[in-house]
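Below is one structure, written out as structure tokens, with a few remarks after it.
Each value in this text was obtained by applying a stated rule to the coordinates, not by laboratory testing. These figures come from a predicted structure and were not determined experimentally. When we count neighbours, we look across all protein chains shown, and the Cβ atoms used for this are built from the backbone with ideal geometry, even at glycine.
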Amino acid sequence: MAKVKCGLIQMGLKGDGSMEPLEIRDRMIEAHIPYIEDAAKQGVQVLCFQEVFTQPYFCPSQDRKWYAAAESIPDGHTTKLMQEYAKKHSMVIVVPIYEEHMTGVYFNTAAVIDADGMFMGKYRKTHIPQVDPGFYEKFFFKPGDSGWPVFDTAYLKLGVYICYDRHFPEGWRALALNGAEYIVNPSATVAGLSKYLWELEQPASAAANGVFIGAINRIGSEEPWASTMNMGEFYGSSYIVNPRGTIEAQASYGDDELLVHEIDLDMVREVRDQWQFFRDRRPETYGPLTDD
């Protein structure tokens, strides 16, 4: 049986939006390190953090100061540091951070580091919301251009889909067709309409594509979101769902937490052999779906 132990870290902001981005980054990294070490002690082989894990969800603010939070990948501070931890613990680590491609061009990105500490590549968030009020992501992020990469890591074939992406079924399918067995979706999601969708869309996508999905959400009330929007807290509830659409393990609603769960990759084959969705696809009939 091909079993892999996976970990998800959900965490509240350490600091507040009045602080400088690099100070918040350092606090968030410092807060994550004990959880990384705990994951290693529990035998975690694939670990993922929440969306833009070193910063607050700054998109309600339209404040240019947050451009200073962006780092190059793979040569920036955070990616390099996580390469050291990945190598130290023989752990695949997915590192979602704010990426500076060049001055003035920024992406919402996840770096993927293999268990030997090697940088494997990155996924840039494809779908960028611009919703009034509060979700001014196009002010900060250029739409991703990385396609649908699947990383053949030491333990499994890994895909990444970031937050708002999850509302678009096409990407889940593309990642599965490219060979993904486990797809992580690091997110920043607050209470409201999305709370119902949180436990609906990703289980449905896991069942439709015969994959495991790890859904990660941050927790708590943080600036600049709270005072700008007054729309509630980030609610955590991170989870891992299997290819039948069943949530196998779930974190708490509102606490810093490392969720650890072992998945059985044999279920991917079992489910796909039973539900022949890929065999019965009719892509030749789907042309209108890609028309503008």
With springs only between Cα atoms under 10 Å apart, run a GNM on the chain and tell me which of ILE36, ILE219, ILE24 wobbles the most.
-> ILE24
Most positive-pole-ward Cα, LEU259, GLY179, PHE139, against dipole of the chain from beta carbon charges = GLY179
Protection proxy ranking of 264-272, 156-164, 184-192 - average other beta-carbon atoms within 10 Å, highest first = 156-164, 184-192, 264-272
Checking PHE135, PHE53, PHE278 against a Gaussian network model of the chain (alpha-carbon springs below 10 Å), the top fluctuating residue turns out to be PHE278
Which shape class, rounded, prolate or oblate, goes with segment 88-156 when its Cα gyration tensor gives a ≥ b ≥ c as root eigenvalues, a/c under 1.5 marks rounded, and past that a/b bigger than b/c marks prolate?
-> prolate
Could I have the simple spin-label model distance between VAL105 and PHE278, label points 7 Å from Cα toward Cβ, reported in nm to one decimal?
-> 3.4
How do HIS89, HIS32, HIS127 line up, fewest other C-beta atoms within 10 Å first?
-> HIS127, HIS89, HIS32
In deg cm²/dmol and to the nearest 500, what is the mean residue ellipticity at 222 nm of the chain if only DSSP H runs of at least 4 residues count, each as -39500 (n - 2.57), divided by the residue total?
-> -7500 deg cm²/dmol
Each label sits 7 Å from Cα toward the beta-carbon; between TYR196 and GLU20 the label points are separated, in nm, by 4.5
Which stretch or stretches of segment 171-199 have amide N atoms under 16 Å from the point lying 7 Å from THR290's Cα along the Cα→Cβ direction?
-> 171-178
Gap in Å between the Cα centre of segment 109-125 and the Cα centre of segment 20-45?
-> 17
Separation between the HIS77 and LYS3 pseudo-spin-labels, each 7 Å from Cα along Cα→Cβ, expressed in nm?
-> 4.0
Who wins for biggest fluctuation among ASP256, ASP75, ASP280 in a Gaussian network model of the chain, springs between alpha carbons below 10 Å?
-> ASP280
